[in-house]
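See below for the structure under consideration.
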Amino acid sequence: MDLKSLLNVTAVDFTEALKTQPALGQLLFGIGAVVVLKFVLSACQAFYRFFLRPGKKLRKFGEWAVVTGATDGIGKAYAFELARQGLSLLLISRTETKLRDTAAEIKSKYPNVEVHILSIDFGNFNEDAQAKVKQATKGLDVGVLINNVGQSYDFPMYFDELSDEHVHALVNLNVTSTLYMTRLLLPSMVAKRRGAVVNLASAASRNPSPLLSLYSGAKSFVELFSQSLDAEYKGRGIRVQVQTPLFVATKLAKIRKASLTVPSPAGYAKAAVRFIGYEDSVSPYWSHAFQLYLMSCMPKSLLSIIVLNMHAGLRKRGLKKKVQKSA
Ligand SMILES: NC(=O)c1ccc[n+]([C@@H]2O[C@H](COP(=O)([O-])OP(=O)(O)OC[C@H]3O[C@@H](n4cnc5c(N)ncnc54)[C@H](OP(=O)(O)O)[C@@H]3O)[C@@H](O)[C@H]2O)c1
């Protein structure tokens, strides 16, 4: 029997069964209605959260916000958005001149907020560097911490191709910075029983990312660390949230032009700040969240193959550029 006739027989049998057993029809209708209702409710809930729900009044957490990696991309846009909410800022990044320029830009736009700067290399966040953060935050009412600094690969690579230096940098910038900045600032939040911590992960923390394995693993650490911490401290007035953006038009992503699926840093930060203090894990830009939803409907094995192929293409281009550069 070919497939067409098999389907015909099955359809006929099924119609007969529905005629003779009306309870079966009612059961199937019930299941269908529940599925549709659940989908409609989730869609309405998502619409409310992404477009209608007001953001929290962030000054309730404290007067100051600390932002790491604050001189470029998402971190810089976050700093502007927090200043717009009236929060004073401690900007932490590597390059002193860029820190001074960013602080001056923020001050000229929002003269009422105070802006402090601190130059730290998170590639080596040792005791001395941590002591500097302690000193810089001493006496400040820090209510919001944005652990934004992070690093990915120059282009997708096999794990054995990474240099030891690169492995250390990826772990230090994505994991160690988040861990120790949180350890440094959490105690004062606990004492005041208020605070909000936001940790930047990535879509690579939700799904396997072949050829970016270390970045994916480091960010998935951030994902579960944040969710666990939120459950641990929620009852003590502190909310911890992990944010998982997809591509944002920044240097790290090597994308200059924003589009429907790739927001500008300012567009991302505007959406992101409205989510602070709510869910423990979120992808705050609507088109990112929609893409993640579609990915979650796919079998993981298929998704891995798609991502591997995509990254293999990017790797080819990256290797070509590297050869051209060295030539
Ligand atoms: N952009 C995306 O598509 C995307 C997607 C998913 C997740 N993310 C995550 O979002 C976060 C921000 O990414 P981004 O795209 O905005 O990055 P970015 O544009 O490359 O900006 C990086 C910032 O971090 C600072 N920084 C870099 N290395 C540092 C170091 N060793 N010590 C101290 N500061 C350092 C840079 O300052 P200097 O210039 O002074 O070095 C700059 O202010 C990262 O955690 C990233 O993993 C980004």
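The values are calculated or read from the model by the stated rules, or taken from the named source; none is laboratory data. No experiment lies behind these values; they were computed from the predicted model shown. With ideal geometry, Cβ positions are generated from the backbone for all residues, glycine too; neighbour counts draw on all protein chains shown.
Points to keep in mind about this one:
- Just so you know, in region 300-321 the residues that are polar (S, T, N, Q) and loosely packed, with under 15 Cβ neighbours inside 10 Å include one that is modelled with the highest pLDDT, and it is N309.
- Residue that is surrounded by the fewest Cβ atoms within 10 Å (Cβ to Cβ) [pool: residues in region 183-209 that are within 14 Å of the ligand (Cβ to nearest atom) and of a type in the set (S, T, N, Q)]: N207
- Residues that are of a type in the set (F, W, Y) and in a helix (DSSP H, G or I), drawn from region 262-281: Y268
- Test: residue in region 220-242 that is crowded, with 20+ Cβ neighbours inside 10 Å and near the ligand (Cβ under 8 Å from one of its atoms): no
- Test: residue in region 166-174 that is away from the ligand (no atom under 14 Å from the Cβ), among the polar types (S, T, N, Q) and either closer than 28 Å to T244 by Cβ or more than 25 Å from the chain's Cα centre (by Cα) (or both): no
- Which numbered condition S259 fails, given (1) more than 16 Å from the ligand (Cβ to nearest atom); (2) without any contact (Cβ under 8 Å) to a residue 40 or more places away in the chain; (3) not in a helix (DSSP H, G or I): (1)
- Yes/no for L252 being at pLDDT below 95, under 30 Å from L319 (Cα atoms) and within 11 Å of the ligand (Cβ to nearest atom): yes
- Sole exception among (1) over 13 Å from I74 (Cα atoms); (2) at pLDDT 95 or above; (3) of a type in the set (A, V, I, L, M, F, W, C) for V262, by number: (1)
- Pairs with Cβ under 6 Å, 6+ apart, first in region 277-293 and of a type in the set (A, V, I, L, M, F, W, C), second assigned to a loop (DSSP other than H, G, I, E, B) and crowded, with 16+ Cβ neighbours inside 10 Å: V282/F275; A289/S283; L292/S283
- Those residues of region 37-82 which are more than 21 Å from A196 (Cβ to Cβ), hydrophobic (A, V, I, L, M, F, W, C) and either in contact (Cβ under 8 Å) with a residue 12 or more places away in the chain or within 16 Å of the ligand (Cβ to nearest atom) (or both), in sequence order: A46, F51
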